[in-house]
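Novice: Before I ask anything, let me first share the structure, which is written out below as structure tokens.
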Amino acid sequence: MQFGIFSVGDVTPDPTTGRTPTEHERIKAMVAIARKAEEVGLDVFATGEHHNPPFVPSSPTTMLGYIAATTERLILSTSTTLITTNDPVKIAEDFAMLQHLADGRVDLMMGRGNTGPVYPWFGEDIRQGIPLAIEKYALLHKLWREDVVDWEGKFRTPLQGFTSTPRPLDGTPPFVWHGSIRSPEIAEQAAYYGDGFFANNIFWPKEHFQKLISLYRKRYAHYGHGTPEQAIVGLGGQAFIRKNSQDAVREFRPYFDNAPVYGHGPSLEDFTEQTPLVVGSPQEVIEKTLAFRDSFGDYQRQLFLMDHAGLPLKTVLEQLDLLGEEVVPVLRKEFAALRPAGVPDGPVHPAAVTSVKEEV
Amino acid sequence: MERTSGTERMSGTERTGSATRTSTATRTSTATRTSGAGPLRLVAVSAGLSKPSSTRLLADRLAEATSRELAVEDRKAEVEIVELRDLAVEIANHLVTGFPAPVLSAALEAVTGADGLIVVSPVFAGSYSGLFKSFFDLIEPDALTGTPVLLAATGGTARHSLVVEHAMRPLFSYLHALTLPTAVFAATDDWGAGADAYAGGLPARIDRAGGEFAGLLRGLTRATNGDVGESDEVVPFEHLLANLK
């Protein structure tokens, strides 16, 4: 099982000081956070993709390429790559290039984004969100698997005799996850290709995602990729950790109350009860995360959101120390002990197997 | 329960969270709609804010008139009342977070799973109240397609009575609900002598609406709504791909 962090890349004022980091500071902080993730023994760093303030990560492969050069084991991923508004040809090229530079330590997550105007900004129609995701990914899938592609579709100019370069490293394309918070079509798409399905369940109650994940597992088996239990599932999580539970709650509350996504809404107590957010001691984070398995079955990747809502870099790095030293080692052991034989590990490119540390 | 209502209460009333349920049979919380022989699920949404509330009273009366008329032809109805006042904070939280707290989730399921919906709002600033609209903003766009809806409103004077036609009906047309042509407006005066006493007053209008709504419910078979599905409901990927051509 793989553990990591995913970053939205928001530039948010620290509500306790009123100070807003500059874009430069935030970008450098994301890099420092990724490097810290490797240092504390995490497996994955994933960055979001956004094209509007207050978010900085508009150019994920640039950032991930830089991180690749300063890390050795960390898998570099996205959360998400906008399949609807990016050109699949450019995604194929950018991520194949990154894959070579990072010696295979690359995968990516397809998503449709959460900002409506991105569609018109990139010349697309939001009402075509699902058809765009389906057609563009079908082309991307082909570009990585066929050396010479003839293609014609609804949403992009045709290709005749086109070869996407560089070819995927050692002929194995990056592993692809499909992220969705509400569309059964995307679970179906992930199942059809035998790709991974990532449920970013951090803001919603689990019942909603149980339906999507169980649909994905069933359809994964339907398409002959394995048993439902062998389907590749990833989950989001969100934690704020201090040695002592009361300290965690006291310190995190102002960040929660003013957070861009859920601030000024429900209380911290209600939100932790209804969603995967956990604010407390390492033991509490371990218990809540282990419970994900009861809801969703054995899964392959757990990503935590740790660096949002204006938390200062110093705090985030302390959080990663606690996550990497006190939470993840226990989770690795517990999950491994519970996992039946035949359930696969998290996906790793063959070229990266020796560098990416795999547990048990 | 309010005790101000002069009407007889329906039997078997129990209070569960924010929803007051009057039932003749045990009911599961599934959102699938009934068809055929079982009791009809009648859900009345009241956006009244005071306690006791004339908006709630009108909702109760309309549910009762509809049930009575259904009973004439041996159709049983289970009535569930959704009081938006009790859900006000959860409604605001859902707007902010994008997901419903359990108690609100149950109310939304009751409404989208109803065989017939009675919706009653007080008139605020010339329209339905903001709380009423906020609740229906949380309904998935297709979830009320084909659902029979009886519209009703309350206000200080009869000069507001076209709110049911000019504000409420377009909202439910947008949701593709099947609104009953007869809607009921109750002004404060209507609870006394009433402005239209010569035509039988508010009780007669409630009875007429209940009778017509019962007729509509009896005559209808229902389409199923599109919940996040089990595998037999999913569109196979080959079809999704083929639809692009």
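Novice: What is the list of residues in the stretch B:128-143 whose amide nitrogen lies under 19 Å from a point 7 angstrom out from the Cα of A:His264, following Cα to Cβ?
Specialist: Correct set: B:130-131, B:134-135.
Novice: From the Cα gyration tensor of the stretch A:1-160, with a ≥ b ≥ c the square roots of its eigenvalues, which class applies: rounded if a/c is under 1.5, or else prolate if a/b is larger than b/c, or else oblate? Intermediate results must be reported in sequence, preceding the final value.
Specialist: Details: a/c = 2.53, a/b = 1.37, b/c = 1.85.
Oblate is the answer for the stretch A:1-160, as a/c is 1.5 or above yet b/c matches or exceeds a/b.
Novice: Between B:Asp137 and A:Asp147, what FRET efficiency follows from the Cβ-Cβ distance if R0 is 60 Å, with the result rounded to 0.05?
Specialist: 0.75
Novice: Then there is this: What is the gain in length, in nm to one decimal, between A:Met97 and A:Lys28 on full extension, counting 0.36 nm per residue of separation less the C-alpha to C-alpha distance?
Specialist: 22.6 nm
Novice: A follow-up question, please. Would you order B:Thr179, A:Thr47 from fewest to most other beta-carbon atoms within 10 Å of each residue's own beta-carbon?
Specialist: Least to most surrounded, the residues fall as B:Thr179, A:Thr47.
Novice: Further question on the same structure: Between the stretch B:37-84 and the stretch A:51-110, what is the C-alpha centre distance in whole Å?
Specialist: That distance is 56 Å.
Novice: Next question, about the same structure. Counting other beta carbons within 10 Å of each Cβ, put A:Asp345, A:Asp43 in order, fewest first.
Specialist: Listing A:Asp345, A:Asp43 from fewest to most nearby Cβ atoms yields A:Asp345, A:Asp43.
Novice: Could I ask something else about it? Taking the Cβ of A:Ser245 as the centre, find all other residues whose Cβ is under 13 Å away and add up their charges (Lys, Arg: +1; Asp, Glu: -1).
Specialist: On the way: positive: A:Arg242, A:Lys243, A:Arg250, A:Arg253, A:Lys288; negative: A:Asp247, A:Glu251, A:Glu269, A:Glu284, A:Glu287.
Its environment carries a net charge of 0.
Novice: Quick check: the angle from helix A:23-39's long axis to the longest principal axis of chain A, C-alpha only, nearest 10 degrees?
Specialist: Result, in degrees: 90.
Novice: Compute the label zone of A:Tyr193 within the stretch A:50-87: residues whose backbone N is under 15 Å from the point 7 Å along Cα-to-Cβ.
Specialist: Under cut-off, by backbone N: A:78-87.
Novice: Fewest Cβ neighbours within 10 Å first, please rank B:Ile91, A:Ile91 accordingly.
Specialist: Working: B:Ile91 21, A:Ile91 25.
Fewest to most other Cβ atoms nearby, the residues stand as B:Ile91, A:Ile91.
Novice: Report the label-to-label distance for B:His239 and A:Lys154 in nanometres (one decimal), using points 7 Å from each Cα along the Cα→Cβ vector.
Specialist: Rounded to a tenth, the inter-label distance reads 1.5 nm.
Novice: Rg and Dmax of the protein assembly as shown, using alpha carbons, in Å: what are they?
Specialist: Gyration radius and largest Cα-Cα distance of the protein assembly as shown: 27.6, 90 Å.
Novice: Shifting gears a bit: Each residue of the stretch A:229-246 in turn: what ³J(HN,Hα) in whole Hz from Karplus with 6.51, -1.76, 1.60 and θ = phi - 60°, glycine and Pro shown as x?
Specialist: 6, 8, 4, 9, 10, x, 10, x, x, 8, 9, 10, 10, 9, 3, 10, 4, 4
Novice: Any idea what angle helix A:206-222 forms with the longest principal axis of chain A, computed on alpha-carbon atoms, 0 to 90 degrees, nearest 10?
Specialist: The answer is roughly 30 degrees.
Novice: Multiply the residue gap between A:Glu251 and A:Asp321 by 0.36 nm, knock off their C-alpha separation, and tell me the result in nm, one decimal place. Don't skip to the end; give the middle numbers.
Specialist: Numbers: separation 70, 0.36 × 70 = 25.20 nm, distance 1.67 nm.
The span from A:Glu251 to A:Asp321 would gain 23.5 nm if fully extended.
Novice: At A:Asp294 and A:Leu338, where each label point lies 7 Å from the Cα along Cα→Cβ, what is the point-to-point distance in nanometres?
Specialist: The two pseudo-label positions are separated by 0.8 nm.
Novice: Kindly state, to the nearest 0.05, the FRET efficiency for A:Asp345 paired with B:Thr157, given R0 = 51 Å and r defined as their beta-carbon distance.
Specialist: 0.10
Novice: To the nearest 10 degrees, how steeply does helix A:129-145 sit against the main Cα axis of chain A, on a 0 to 90 scale?
Specialist: 70 degrees
Novice: Where the centroid of each part is defined by its Cα atoms, how far is the stretch A:239-318 from the stretch A:123-168 in Å?
Specialist: Computed from Cα coordinates, the inter-centre distance equals 38 Å.
Read-outs: derived from the displayed coordinates by stated rules, not from any lab. As the structure is a computational prediction, the values presented were derived from the model and not from experiment. Here Cβ is always computed from backbone atoms with ideal geometry, including for glycine, and neighbour counts include all displayed protein chains.
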